[in-house]
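Asker: Pasting a structure here, questions to come.
The values are calculated or read from the model by the stated rules, or taken from the named source; none is laboratory data. Small disclaimer: the values here were computed from a predicted structure and weren't measured. Counting neighbours? That spans all protein chains shown, and the Cβs are built from the backbone with ideal geometry, glycine included. Heavy atoms of the whole protein, side chains included, go into the accessibility calculation; ligands, DNA and RNA do not. Shrake-Rupley method; radii C 1.70, N 1.55, O 1.52, S 1.80 Å.
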Amino acid sequence: AEAAARRALTADPDLAEGHTALADVLKDQWRWQDAGREYQRAIELSPNYVLAHIGYAIYLSLMGQSDEAVSQIARARELDPLGLPTAIDAAAVYYNTRHFDQARDMLRRATELDPAAPSLWLWTGIVNGGSGRVKEALPAYEKAIGWGDNTAATMCFYGYALARAGRQEEALQILHQVEKSSDFVPPSAIAVTYVGLGDNERAMQLLQRAFEIRDPIIQYIKVESQIGRAHV
């Protein structure tokens with residue numbers, strides 16, 4: 001992906017889309033300063049390019065620059081007020097910056113755009129689960145799964161909510177299924193369920209493994225409320 005983005009920029013160094021794509025790759029590689037510069041360059045070249053503002057907002061939220069992140073995602077919403085992906089990304093930025101009420105409000109408004117979108121209900125579950133409202137998270141996850149999102153990561157977050165809601169046996173069943181899967185499952189996702197079950201020692205072992213293999217999800221460790229509970 002990095003090579004493709006750089007080839008595109010070699011052909012046209014003023015291509016905002018190329019700078020944004022490169023920034024996304026660099027962010028996932030934890031090359032923070034380089035990623036930040038690429039997002040800034042993309043916005044400089046094309047101030048109305050929505051994906052550049054979204055990517056930069058997410059990046060800023062990971063860097064702990066909450067006010068700037070919210071400002072960038074607000075600009076993205078101004079440019080794309082009716083886009084469902086933009087609304088969900090906005091909710092994610094609000095979640096990362098601990099603006100849980102704003103995240104929930106954004107997701108409620110997004111239901112008017114497409115109430116059957118699995119990602120909408122997944123993020124509703126994540127926001128509610130991460131803010132401690134696990135009983136409200138459960139039906140949201142179940143809707144996401146019912147609409148077709150039964151990925152291992154989704155199931156792990158669902159398992160977290162089940163465990164926190166006192167339904168440990170169901171959470172353990174999900175954990176057993178995920179750990180026996182022949183597909184690759186990010187260890188950071190499995191760690192979420194272990195946190196819900198209160199097994200912080202196992203969760204920390206998985207997070208260490210995630211760090212060693214450069215699991216891209218580990219970059220969210222400082223802003224993911226559910227993983228953060230492993231420290232308390």
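Asker: Springs between alpha-carbon atoms under 10 Å, Gaussian network over the chain: tell me which of Thr111, Thr151, Thr124 tops the mean-square fluctuations.
Answerer: Comparing Thr111, Thr151, Thr124 in a Gaussian network model of the chain, the most mobile one is Thr151.
Asker: Given Cα positions, please report Rg to Rh for region 123-232, the hydrodynamic radius being the Kirkwood one.
Answerer: Working: Rg = 12.6 Å, Rh = 13.5 Å.
Radius of gyration over Kirkwood radius for region 123-232 works out to 0.93.
Asker: Can you tell me the 0 to 90 degree angle between the C-alpha axis of helix 118-130 and the longest principal axis of the chain, rounded to 10?
Answerer: Taking Cα atoms only, the helix is inclined about 70 degrees.
Asker: Straight-line reach from Lys143: which lysines have a Cα under 29 Å away, not including same-chain ones fewer than 8 places off?
Answerer: Lys135, Lys180, Lys222
Asker: Here's a follow-up. Note the listed values (i) 18.0, 56; (ii) 21.0, 70; (iii) 20.6, 63, then indicate which one is Rg and Dmax of the Cα atoms in Å calculated from this particular structure.
Answerer: Computing Rg and Dmax of the Cα atoms in Å and matching it to (i) 18.0, 56; (ii) 21.0, 70; (iii) 20.6, 63 gives (i).
Asker: Semi-axes of region 26-65's equivalent ellipsoid from the Cα gyration tensor, sqrt of 5 times each eigenvalue, largest first, rounded to whole Å?
Answerer: Ellipsoid semi-axes (Å, largest first): 17, 11, 8.
Asker: While we're looking at this one, here's another question. Based on the alpha-carbon gyration tensor of region 59-109 and its eigenvalue square roots a ≥ b ≥ c, which shape applies: rounded if a/c is under 1.5, prolate if not and a/b is larger than b/c, or oblate?
Answerer: oblate
Asker: Let me spell out the model: positive unit charges on the Cβ of Lys and Arg, negative unit charges on the Cβ of Asp and Glu, origin at the Cα centre of region 144-187. What dipole size does that give, in debye rounded to 20?
Answerer: Dipole of region 144-187, to the nearest 20 debye: 100 debye.
Asker: Please give the helix 84-96 orientation as an angle from the longest Cα principal axis of the chain, in degrees from 0 to 90, rounded to the nearest 10.
Answerer: Helix 84-96 and the main axis of the chain meet at about 70 degrees.
Asker: Still on this structure, please answer the following. Is region 120-179 rounded, prolate or oblate when judged by the Cα gyration tensor, a ≥ b ≥ c being the square roots of its eigenvalues, rounded requiring a/c under 1.5 and prolate requiring a/b larger than b/c?
Answerer: The shape class here is oblate.
Asker: Further question on the same structure: Mind pulling up the Rg/Rh value for region 1-133? Radius of gyration and Kirkwood radius, both on Cα. Before the final figure, lay out the partial values.
Answerer: Details: Rg = 15.2 Å, Rh = 15.1 Å.
My calculation of the ratio gives 1.00.
Asker: While we're looking at this one, here's another question. Could you work out what % of the accessible surface of the chain is carbon and sulfur, using a 1.4 angstrom probe and leaving DNA, RNA and ligands out of the count? Mind showing how you got there, number by number?
Answerer: Values: 5730 of 11200 Å².
That fraction is 51 percent.
Asker: Additional query: Arrange the peptides 35-48, 198-211 so that the one whose residues have, on average, the most other Cβ atoms within 10 Å appears first.
Answerer: Ranked from most to least packed, the peptides come out as 35-48, 198-211.
Asker: According to a simple spin-label model (label point 7 Å from Cα along Cα-to-Cβ), what is the distance in nm between Ala116 and Gln205?
Answerer: 4.4
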